[in-house]
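The values are calculated or read from the model by the stated rules, or taken from the named source; none is laboratory data. This one's a predicted model, so the numbers in the text were calculated from it and none came from an experiment. Neighbour counts are summed over all protein chains in view; Cβ atoms, including those assigned to glycine, are modelled from backbone coordinates with ideal geometry. With ligands, DNA and RNA removed, areas are computed over all heavy atoms of the protein, side chains included. Shrake-Rupley method; radii C 1.70, N 1.55, O 1.52, S 1.80 Å.
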Amino acid sequence: MIISVRQLSKSFGDRSIWKDIDYDFTSDEIVSIAGKSGQGKTTFLRCLNGLETYDAGTISFDDKVMAVGETDAKKIGMVFQGYHLFPKLTVWENILLAPLYHGIEREVAEERAMQLMKDLDIEDEKDKYPRALSGGQKQRVAIVRACMLEPDILCFDEPTSALDADTIEKLSATMKSLKQKGIGMIVVTHDRNFAEKISDRILHFENGNLREEVLASA
């Protein structure tokens with residue numbers, strides 16, 4: 001899968017955030033987006049996921065141009081910085097909510113959920129509520145939930161912000177494993193070391209422009 005961004009521009013009032021952005025994201029690589037706060041990194045992810053509107057340009061999934069504010073949840077998923085787990089639902093209920101809403105048969109959804117939970121070593125947390133989970137466990141639940149519709153590309157917004165060093169290492173391994181399974185990733189992060197460890201490419205938003213850094217190890 002290819003997400004093609006063409007001439008994408010976004011402003012808040014009279015302030016231009018970024019202008020005429022062109023880039024292709026594919027489902028066979030991990031791309032990190034870096035830059036100072038206020039450069040529109042998270043806004044960019046939200047535009048890709050149909051959660052934010054933009055002023056001009058197009059976003060295409062393969063050859064299909066998305067309308068402004070539109071996305072395809074079966075092609076792109078998002079893991080939010082705050083995880084966005086429903087506090088009154090168990091881990092199991094949080095994970096099954098989206099696939100059942102999208103019409104996936106319960107038996108199929110439950111089998112897929114259990115396999116993903118085993119892959120990320122959280123099957124024992126199945127009946128717990130989010131308040132009983134550590135930050136790393138919440139992160140993994142959010143990843144499982146985002147994978148339930150089997151998207152081609154996953155977006156992560158500051159995935160390391162609330163994690164300790166050991167959990168960050170586990171997250172790195174998880175993301176590399178997802179890549180091996182054919183899931184591409186777009187990762188907004190302030191953590192340069194983390195970006196270098198996981199990424200094929202690093203993009204920088206600077207003064208409304210997009211600059212690509214190709215890593216020597218990629």
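Can you compute 3J(HN,Hα) from phi for each residue in the stretch 118-134, using the Karplus curve 6.51 cos²θ - 1.76 cosθ + 1.60 with θ = phi - 60°, rounded to whole Hz and x for Gly and Pro?
5, 4, 9, 6, 10, 5, 6, 9, 3, 9, 7, 9, x, 5, 8, 9, 6
Tell me the trypsin sites (Lys or Arg not before Pro) within the stretch 95-163 that lie in a loop according to DSSP and have at most 16 other beta-carbon atoms within 10 Å.
Loop-located and lightly packed - Lys126, Lys128.
In whole percent, and with a 1.4 Å probe on the protein chains, what portion of the accessible area of the chain is carbon and sulfur?
46 percent
What are the residues whose amide H is under 5 Å from the amide H of Glu206, where those residues sit 5 or more places off or on another chain and H is modelled from the backbone?
Under 5 Å from the amide H of Glu206: Arg211.
I want to verify a result. In a Gaussian network model of the chain, Cα cutoff 10 Å, which of these has the top mean-square fluctuation: Ser37, Ser11, Ser60?
Ser37
Taking just the C-alpha trace of the stretch 37-77, give me its Rg and Dmax in Å.
Every Cα atom of the stretch 37-77 included, Rg and Dmax give 10.3, 32 Å.
When N is the residue count of the stretch 59-188, what does its C-alpha Rg come to as a fraction of 2.2 N^0.38 Å?
1.03
For every other residue with a beta carbon closer than 15 angstrom to the beta carbon of Leu133, add +1 if it is Lys or Arg and -1 if Asp or Glu, then tell me the sum.
Values: positive: Lys88, Lys126, Lys128, Arg131, Lys138, Arg140, Arg145, Lys170; negative: Glu93, Asp121, Glu123, Asp124, Glu125, Asp127, Asp164.
In short, +1.
Would you pull out the residues with amide H under 5 Å of Ile30's amide H, same chain only if 5 or more places away, H placed 1.01 Å from N?
For Ile30, the qualifying residues are Met185, Asp200, Arg201.
Under the rule of -39500 (n - 2.57) per DSSP H run of 4 or more residues, summed and divided by the residues of the chain, what mean residue ellipticity at 222 nm is obtained, to the nearest 500 deg cm²/dmol?
Value at 222 nm, helices only, nearest 500: -9500 deg cm²/dmol.
Set the Förster distance to 22 Å, then compute FRET efficiency between Ser161 and Glu196 from the Cβ-Cβ distance, nearest 0.05.
So, using R0 = 22 Å, E works out to roughly 0.80.
Provide Rg and Dmax in Å for the stretch 123-187, with only Cα atoms included in the calculation.
11.9, 32
Any idea what angle helix 91-101 forms with the longest principal axis of the chain, computed on alpha-carbon atoms, 0 to 90 degrees, nearest 10?
60 degrees
For the stretch 143-169 and the stretch 1-74, write down the distance between their C-alpha centroids in whole Å.
About 19 Å separates the Cα centre of the stretch 143-169 from the one of the stretch 1-74.
So what is the accessible area of the stretch 99-184 per residue, in Å², with the probe set to 1.4 Å?
It amounts to 51 Å² per residue over the stretch 99-184.
Please tell me the relative contact order of the chain in percent, rounded to the nearest whole number, where contacts are Cα pairs under 8 Å and at least six residues apart.
In percent, rounded to a whole number, it is 29.
Please state, to two decimals, what the Cα-based radius of gyration of the stretch 31-126 comes to when divided by 2.2 N^0.38 Å (N = residues).
1.31
By how many nm would the segment from Ser16 to Glu93 grow when fully extended, if each residue of separation counts as 0.36 nm and the alpha-carbon distance is taken off?
Going from the current span to full extension adds 23.7 nm.
If each residue of separation counts as 0.36 nm, what is the full-extension length gain between Arg211 and Glu70 once their alpha-carbon separation is subtracted?
That works out to 48.2 nm of additional length.
Find, among the GluC sites (Glu not before Pro) in the stretch 1-104, those assigned to loop by DSSP (not H, G, I, E, B) with at most 15 other beta-carbon atoms within 10 angstrom.
Glu29, Glu70
Just to check I understand the Karplus step: with θ = phi - 60° and J = 6.51 cos²θ - 1.76 cosθ + 1.60, what whole-Hz values come out for the stretch 164-171, glycine and proline as x?
Computed from phi, the couplings for the stretch 164-171 are 7, 4, 5, 5, 4, 4, 5, 5 Hz.
Whole-Å semi-axes of the chain's equivalent ellipsoid, largest first, each the root of 5 times a Cα gyration tensor eigenvalue?
The equivalent ellipsoid of the chain has semi-axes of 28, 20, 16 Å.
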